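Take a look at the structure below.
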Amino acid sequence: MNGKLIALGFSALVAAGAIAMAADIPLDQRRSSYEDMSRDNKAMQDDDTANPAMLFVLDGEALWNTKAGASGKSCADCHGDAATSMKGVAARYPAFDDASGRPVDLEQRINISRQKNQQAEPFRYESREMLALSAYIALQSRGEAISQYDDPRLKPFIEKGRAAFHQRQGQLNLSCAQCHDDNWGKSLAGNIIPQAHPNGYPIYRLEWQNLGSLQRRLRNCMTGIRAEPYPFGAPEYVDLELFLMWRARGMTMESPGVRP
Amino acid sequence: MAAARTLINVPPKAKRGDVITIRALISHVMENGFRHNNMGEPIPRDIITSFVCSYNDEPIFEATLYPAISANPFLTFYTVATDSGTITFKWSGDNGFAQEATAKITVE
């Protein structure tokens with residue numbers, strides 16, 4: 001009898017899950033995880049002399065103006081003032097790359113430009129240099145609306161990302177959607193489950209005591225559900241990043257954000 | 001990175017006798033010396049051990065930092081605006097680490 005009851009309960013749970021999973025979060029109910037932070041953490045993000053990510057931005061600004069590689073050119077030599085040339089760029093990445101025929105994220109774009117235009121060594125993922133330069137570029141989109149969804153070539157990749165978002169995986173057999181679509185706002189071990197919008201990356205995460213990319217955060221979630229993370233730069237991440245940006249379309253960029 | 005980045009927040013202007021807030025943020029790994037790398041070798045301690053803030057060469061705030069302080073230490077403290085001049089911030093630590101920053105204040 002117990003078995004029957006459990007089976008009944010389980011099918012009810014599955015049915016409830018199916019109903020909840022049917023739709024994305026309504027556009028007007030989306031919220032940045034900034035809203036869930038403590039007053040102190042908000043103050044830290046709001047003040048550029050208190051936000052530790054701004055230390056990296058200073059390094060990024062220096063890198064922007066540093067000549068690199070065989071070309072002897074800096075980013076600024078081609079792109080000029082980042083405040084104008086990079087305005088809104090991070091708000092529309094990942095973007096479609098003609099050469100590879102698929103979307104690339106901001107970090108990959110930086111390395112493509114380093115290798116092709118500067119003829120320099122690519123930066124390692126999560127290296128201080130990569131984080132600093134991507135934070136400096138992302139800062140130029142602060143306050144801009146996320147807007148990368150009109151390119152029709154991105155559509156199949158957004159769908160791939162959506163499939164990954166709904167794919168159960170890992171030993172805990174959980175999908176991203178089960179937490180971030182169906183149960184956002186509830187508690188998970190004392191933390192509020194966020195909606196998982198990528199509008200503040202790269203973020204200074206207090207737990208990391210460091211700046212980190214969206215891919216690092218995705219790996220973090222994958223380890224959390226005991227799935228094996230993909231290596232940095234894997235196309236699976238870029239598709240997922242693309243879907244997350246599409247899902248957050250129209251939301252305001254906060255980069256570089258602070259998160260607990 | 002040769003020099004550590006610093007971010008200082010001092011009000012540029014204040015009235016004489018006002019209590020002002022001073023904030024000082026510095027980029028530093030604050031490696032606590034208790035961790036091991038992937039090969040199991042201990043990572044040597046590398047922290048900031050002392051901080052001094054001087055107002056026109058007179059120390060107004062000092063702090064001793066220990067391994068439990070997190071990376072990129074952020075210190076906030078208060079003082080009374082007495083005179084126009086320079087506020088100097090000095091951090092020092094392991095491996096000969098030394099960094100200085102200054103800020104100007106006008107007191108009316």
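Hey, among the residues in the range B:62-84 that are of a type in the set (Gly, Ala, Ser) and surrounded by fewer than 16 Cβ atoms within 10 Å (Cβ to Cβ), which one's farthest from the other protein chains (Cβ to nearest Cβ)?
So the residue we want is B:SER84.
If you go through the range B:21-45 one residue at a time, how many are more than 19 Å from A:LEU211 (Cα to Cα) and surrounded by 16 or more Cβ atoms within 10 Å (Cβ to Cβ)?
2
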- prompt: For the subset of the range A:204-252 comprising residues that are over 11 Å from the mean Cα position of the chain (by Cα) and polar (S, T, N, Q), which member is nearest to the other protein chains (Cβ to nearest Cβ)?
  reply: A:GLN209
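Yes/no per residue for (1) assigned by TED's automatic domain parsing to the domain that holds A:ALA132; (2) touching a strand residue (DSSP E or B) at 6+ places or on another chain (Cβ under 8 Å); (3) among the aliphatic types (A, V, I, L, M):
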| residue | (1), (2), (3) |
| --- | --- |
| A:ALA90 | yes, no, yes |
| A:ASP98 | yes, no, no |
| A:ASP105 | yes, no, no |
| A:ARG114 | yes, yes, no |
statement: Of the residues in the range A:209-225, those that are assigned to a loop (DSSP other than H, G, I, E, B) and out of contact with any strand residue (DSSP E or B) (no Cβ under 9 Å at 6 or more places or on another chain) come to A:GLN209
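With more than 14 Å from chain A (Cβ to nearest Cβ) and within 25 Å of A:PRO260 (Cα to Cα) as the only criterion, which of B:GLY33, B:GLY96 stands out?
Selected residue: B:GLY33, the only one of B:GLY33, B:GLY96 that is more than 14 Å from chain A (Cβ to nearest Cβ) and within 25 Å of A:PRO260 (Cα to Cα).
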query: Would you call B:THR88 polar (S, T, N, Q), in contact (Cβ under 8 Å) with a residue 60 or more places away in the chain and surrounded by 16 or more Cβ atoms within 10 Å (Cβ to Cβ)?
result: no
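A quick yes/no check of all residues on (1) modelled with pLDDT of 95 or more; (2) out of contact with any Pro (no Cβ under 7 Å at 6 or more places or on another chain); (3) farther than 26 Å from B:LYS104 by Cβ:
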site: B:LYS15; (1), (2), (3): yes, yes, no
site: B:VAL19; (1), (2), (3): yes, yes, no
site: B:GLU31; (1), (2), (3): yes, yes, yes
site: B:HIS36; (1), (2), (3): yes, no, yes
site: B:SER50; (1), (2), (3): yes, yes, no
site: B:PRO59; (1), (2), (3): yes, yes, no
site: B:GLU62; (1), (2), (3): yes, yes, no
site: B:ILE69; (1), (2), (3): yes, yes, yes
- prompt: Do we find that A:PRO194 is in contact with a strand residue (DSSP E or B) (Cβ under 6 Å, 6 or more places away or on another chain), more than 14 Å from chain B (Cβ to nearest Cβ), in contact (Cβ under 8 Å) with a residue 40 or more places away in the chain and crowded, with 19+ Cβ neighbours inside 10 Å in this structure?
  reply: no
- request: Tell me the strands (runs of 3 or more DSSP E) entirely within the range B:1-103 that contain at least 2 residues that are out of contact with any Gly (no Cβ under 6 Å at 6 or more places or on another chain) and under 25 Å from A:ALA132 (Cα atoms).
  value: B:6-9, B:19-26, B:74-80, B:85-93
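So which residues in the range B:2-20 are in contact (Cβ under 8 Å) with a residue 24 or more places away in the chain and either away from chain A (no Cβ under 11 Å) or exposed (fewer than 12 other Cβ atoms within 10 Å of the Cβ) (or both), if there are any at all?
Let us first name the residues in the range B:2-20 that are in contact (Cβ under 8 Å) with a residue 24 or more places away in the chain, namely B:3-4, B:6, B:8, B:10-20.
Hits for the range B:2-20 are B:ALA3, B:PRO11, B:PRO12, B:LYS13, B:ALA14, B:LYS15, B:ARG16, B:GLY17, B:ASP18, B:VAL19, B:ILE20.
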- prompt: helices (runs of 4 or more DSSP H) wholly in the range A:40-127 with at least 3 residues that are under 19 Å from the mean Cα position of the chain (by Cα) and in contact (Cβ under 8 Å) with a residue 24 or more places away in the chain - which ones?
  reply: A:53-64, A:106-116
- request: Return yes when A:ARG168 is over 30 Å from A:GLN29 (Cα atoms) and among the charged types (D, E, K, R) and no when it is not.
  value: no
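The values are calculated or read from the model by the stated rules, or taken from the named source; none is laboratory data. Everything numeric in this text was worked out from a predicted model, so none of it was measured. Note that we place each Cβ from the backbone using ideal geometry, even for glycine, and neighbour counts take in every protein chain shown.
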